[in-house]
Amino acid sequence: MSSSPLLARYAECIFWLARFIERAENLARILDVNETFSRGRGAAQSWLSILQLNADEERFYQKHQSATAERVLRFYLTDADNPTSILSAVTNARENARTLRPLVSTEMWVQLNVFYNRMRAIGPADMVPGSLSRLLTGIKEACQTFTGIAEGTFYRDQASYFYQLGRYIERADQTTRLLDTKYPLLTGGGDAAAAVEIGQWHALLRSASGYHAFRRVHSSELTPTRVAGFLLFNPAFPRSVYLCVREAADALAELKSRYRLRGGNDISEGLDQLRTILESRSIDEILAGGLHEFLDFLQGYLIVITDRLSAAFFGHKPASQSQPASGAVWPLAPLPQIPS
Amino acid sequence: MALRACTLARPVHRRRDNCVREAQDRQMTGFVLDGYDPQEFYCEMLRCAATAGLRERLARMPIADFQRRTAAAEQALYDYGITFTLYAENSPIDRILPFDAIPRVIAAAEWQQIETGIIQRITALNLLLDDLYHGQKILKDGIVPADLILGNPNYRPRMHGVAVAHKAYVNICGTDIIRGGDGLFRVLEDNARTPSGVSYVIENRHMMLRAFPDLVDGAGLRPVEDYGSRLVAAMREIAPAGCHDPQIVLLSPGIYNAAYFEHVFLAREMGVPLVEGSDLVVEQDRVYMRTIGGLHPVDVIYRRINDDFLDPEAFRPDSLLGVPGLMRAYYSGNVALANAIGTGVADDKAVYAYVPKIIRYYLDEDAILPNVETYICREAESLRYTLDHLAELVVKPVGEAGGYGITIGPQASQAELEACRAKLVADPANYISQPCIDLSVAPTLCDGGVMPRHVDLRPFAITGASTWVLPGGLTRVALRPGSLIVNSSQGGGSKDTWVLEHE
């Protein structure tokens, strides 16, 4: 089947469109799970942890004195000046979709356009405790609607592979961040100490829509270790890091073979290596080496993958040799040391 | 979207002070055309026998129902993003082109005249351009003053001797047509560079079909859907010689351009990539686009960027929109551009005045669509007439577009008239003047009910090996009472334009 060649710029836009939609959805999930916990003790700490998660403390404190629920929520929901807010993610998604209008289906565009207009109309009354959960659920569902419309209407040519790549790379990244919200609970005394916070792990699973799937795998005890292992390694759960990396690798392989693209061999290798790591490590090894450090490593690795995609397909110069903050390098850096 | 042409008319004056209030009372209980009064103007609806069926349907439709459905249609335009974007304080504001759901109807015989008139006119303009860029016979024969052409900033000497496929320089044209109180159609302006607005013609029809199927059903409308495929066919016809399966692209300035929606629309209708300057690169006088698999050759470019910005090597060096080297590829015959370079000299406001003579010169025919009477102020007699009748005339600078620098005599203050006089005396060659035309009106839904509002018409024509005119065109309507200008940035809207298949 012949198909007109895909502009490099479009490939980049569709990749980022998918990422921003996925990012908005996951931000809504993270805020929702935090909202569920922030009522009890430690509320202030829990909102602070969201800021730390996205490395946003500095920008936040330039505008605000303290991390209250209300301020952090506004910062992440409707602050157009905050590049990591849901509003910014949806705005960026729509700007990309605007460029891509010749390529995406009308239904994809219309849904996103309406979603964007709704995001811009959110007022303080929508963010009070009684309404917040409904708002966040609405945002999550709008993102899922977009994904569903894309599944049902987006023409399956080269562009759709970049859509898949963006979606899975972002989702993998976001799952690491979701898990990172609760990593402090896994340091120190291990499962025994974390058991008191078991409700939080429940909610974490639920926010990733993973509770029932988890139960099918582990019908007995729900432990933090098992939850972390499930979110990282499960080969069938749609939001596990492993599954996302596998899907991304498959999409890239198919794109390259079907359209006879020469570039991107290094990315295929990188994704395969990452997959091997995720297949071969046990959760106990990871916890022993430090969960947060491992999550950081994964995030850094995905950043490098994105840089390589930019160089291979989006017409950018290869990223400079400076390494991402996490220290991930290419080819693969050794994993954080695991004490025996 | 800022449409370029500026159409002038006398304002509609309210006859009775209480007319708005009466209309508001009607809107709760009455029907769409109840009490509609076009006053002294030529009404496109009431003066056309072919609208009888439509009038009957409107007369049975409650106005409250009509308003509700119009509002839903406009919301849909907004949701669909059929918008033009304004930037206020760096934040984008999406505006729809207001949509008036009472259609403007053109009878079959009227359309026949418009269609043949446009084809005649474009044929003559293309012959003019071919002549100007080759032998310049028309200048030698003294039909058009040579200095008017040779000193024109839109005349491109570099086009001399360049072969253009089918001698079709103007491939896409959007001719502005107005109708006066005498019911005659006249050409106001030839938009032969990069005319916009055709997307609204097609989207307005889609909107009508969705929101008012009961008005459209069985009305016998000429379809507007095949514009995209006609455009692609013409682009294939103008491809460089020997190129059998040309790669066509549409070149846009990008998402910040007010007409970006239209560029998207056309690229989609044509099924071709929508590119920006940065997507294209010229190597060894050949144009390529940057794809995920590397460079891919491009053969035909429908460009929505003016000559000046196309190639920083050849024209404005500060242009970031263009493609360095594009003109080298063009002059080498390796890529076709639509429209061709240098068409701006044919739609110049001063050259416009000569178009009836140009038609006679090349085709030995009378113009089927007359011009608006035009006084070319570079000619002493016309200048004298203009200065003597300043308060009755519209004075336009020849080089400007978008309604800039226009003085409307009947509306101008004494000080404005004096300022205009001074400019005319200082630089007469820069101006033309025209009588103020009573533009025709069409019934239009306004806040106070259905009112007469001035309309114009911009049909779109495509020329490859031959010329085809999209039935209908963009009907723009001046929504503000008394408004002189149908321009979208000045509160103008649009209507669906119906060309009827039968009388």
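The values are calculated or read from the model by the stated rules, or taken from the named source; none is laboratory data. All values reported here derive from a predicted model rather than from experimental measurement. Heads up, the Cβs are rebuilt from the backbone with ideal geometry, glycines too, and the neighbour counts pull from every protein chain shown.
Residues in segment A:235-269 that are modelled with pLDDT under 95 and of a type in the set (Asp, Glu): A:Asp266, A:Glu269. Scanning segment B:276-299 for residues that are surrounded by 19 or more Cβ atoms within 10 Å (Cβ to Cβ) and hydrophobic (A, V, I, L, M, F, W, C) yields B:Leu280, B:Val282, B:Val287, B:Met289, B:Ile292, B:Val298. When the strands (runs of 3 or more DSSP E) confined to segment B:256-308 are screened for residues that are polar (S, T, N, Q), at pLDDT 95 or above and closer than 26 Å to A:Phe313 by Cβ, those reaching at least 1 such residues are found at B:286-291. For segment A:95-116, the set of residues classified as among the charged types (D, E, K, R) and more than 9 Å from chain B (Cβ to nearest Cβ) consists of A:Glu107 only. Does B:Ala346 satisfy the criteria of being more than 26 Å from B:Pro145 (Cβ to Cβ) and either among the basic types (Lys, Arg) or in contact (Cβ under 8 Å) with a residue 24 or more places away in the chain (or both)? Against the criterion (more than 26 Å from B:Pro145 (Cβ to Cβ) and either among the basic types (Lys, Arg) or in contact (Cβ under 8 Å) with a residue 24 or more places away in the chain (or both)), B:Ala346 does not qualify. Kindly check whether there is at least one residue in segment A:83-104 that is surrounded by fewer than 19 Cβ atoms within 10 Å (Cβ to Cβ) and either more than 29 Å from A:Arg9 (Cα to Cα) or in contact with a Ser or Thr (Cβ under 7 Å, 6 or more places away or on another chain) (or both). Within segment A:83-104 (the criterion being surrounded by fewer than 19 Cβ atoms within 10 Å (Cβ to Cβ) and either more than 29 Å from A:Arg9 (Cα to Cα) or in contact with a Ser or Thr (Cβ under 7 Å, 6 or more places away or on another chain) (or both)), the answer is no, since none of the residues qualifies.
When residues in segment B:91-105 are screened for being surrounded by fewer than 18 Cβ atoms within 10 Å (Cβ to Cβ) and among the aliphatic types (A, V, I, L, M), 1 of them pass. Restricting segment A:248-303 to residues that are more than 18 Å from A:Gly229 (Cβ to Cβ), touching a Gly at 6+ places or on another chain (Cβ under 7 Å) and in a helix (DSSP H, G or I), the residue that is farthest from the other protein chains (Cβ to nearest Cβ) is A:Gly300. Per the listing B:Tyr133, B:Tyr200, the residue uniquely modelled with pLDDT under 95, surrounded by 21 or more Cβ atoms within 10 Å (Cβ to Cβ) and of a type outside the set (D, E, K, R) is B:Tyr200. Restricted to helices (runs of 4 or more DSSP H) entirely inside segment B:317-391, those with at least 3 residues that are out of contact with any Leu (no Cβ under 8 Å at 6 or more places or on another chain) are B:326-331, B:355-363, B:380-388. B:Arg210 meets each of the listed conditions (1) in a loop (DSSP other than H, G, I, E, B); (2) modelled with pLDDT under 95; (3) of a type outside the set (A, V, I, L, M) apart from (1).
Within segment A:70-82, the set of residues being more than 10 Å from chain B (Cβ to nearest Cβ) and either assigned to a loop (DSSP other than H, G, I, E, B) or crowded, with 20+ Cβ neighbours inside 10 Å (or both) comprises A:Val72, A:Leu73, A:Phe75, A:Tyr76, A:Leu77, A:Thr78, A:Asp79, A:Asp81, A:Asn82. Restricted to segment B:478-501, and to residues there that are at pLDDT 95 or above and of a type in the set (Val, Ile, Thr), the residue that is nearest to B:Asn204 (Cα to Cα) is B:Thr497. Flag set for B:Pro246, criterion: more than 11 Å from every other protein chain (Cβ to nearest Cβ) and within 30 Å of B:Val224 (Cα to Cα).
B:Ala234 meets the conditions (1) of a type in the set (A, V, I, L, M, F, W, C); (2) away from chain A (no Cβ under 14 Å); (3) assigned to a loop (DSSP other than H, G, I, E, B) in every case but one. The failed one is (3).
Summed over segment A:155-179, residues that are hydrophobic (A, V, I, L, M, F, W, C) and within 14 Å of chain B (Cβ to nearest Cβ) total 3. Residues that are at pLDDT 95 or above, not aromatic (Phe, Trp, Tyr) and not in a helix (DSSP H, G or I) are absent from segment B:145-153. Checked against (1) within 28 Å of B:Leu369 (Cβ to Cβ); (2) hydrophobic (A, V, I, L, M, F, W, C); (3) in contact with a Phe, Trp or Tyr (Cβ under 8 Å, 6 or more places away or on another chain), B:Ile63 passes all but condition (1).
Across segment A:1-59, which residue is modelled with the lowest pLDDT among those that are of a type in the set (S, T, N, Q) and outside any helix (DSSP H, G or I)? The selected residue is A:Ser2.
Figure legend. Inter-residue proximity from segment A:75-89: first residues charged (D, E, K, R), second residues assigned to a loop (DSSP other than H, G, I, E, B), beta-carbon distance below 6 Å, spacing 6+ or different chains. Indicated pairs: A:Asp79/A:Ser85.
Here is a yes/no grid of residues against (1) of a type in the set (Gly, Ala, Ser); (2) away from every other protein chain (no Cβ under 14 Å); (3) under 28 Å from B:Pro153 (Cβ atoms):
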residue	(1), (2), (3)
B:Gly228	yes, no, no
B:Ala239	yes, yes, no
B:Ile255	no, no, no
B:Phe265	no, no, no
B:Val275	no, no, yes
B:Leu280	no, no, yes
B:Ile305	no, yes, yes
B:Asp311	no, yes, yes
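Exactly one residue among A:Leu204, A:Leu222 is closer than 23 Å to A:Leu31 by Cα, more than 14 Å from the chain's Cα centre (by Cα), buried (at least 23 other Cβ atoms within 10 Å of the Cβ) and at pLDDT below 90, and that residue is A:Leu204.
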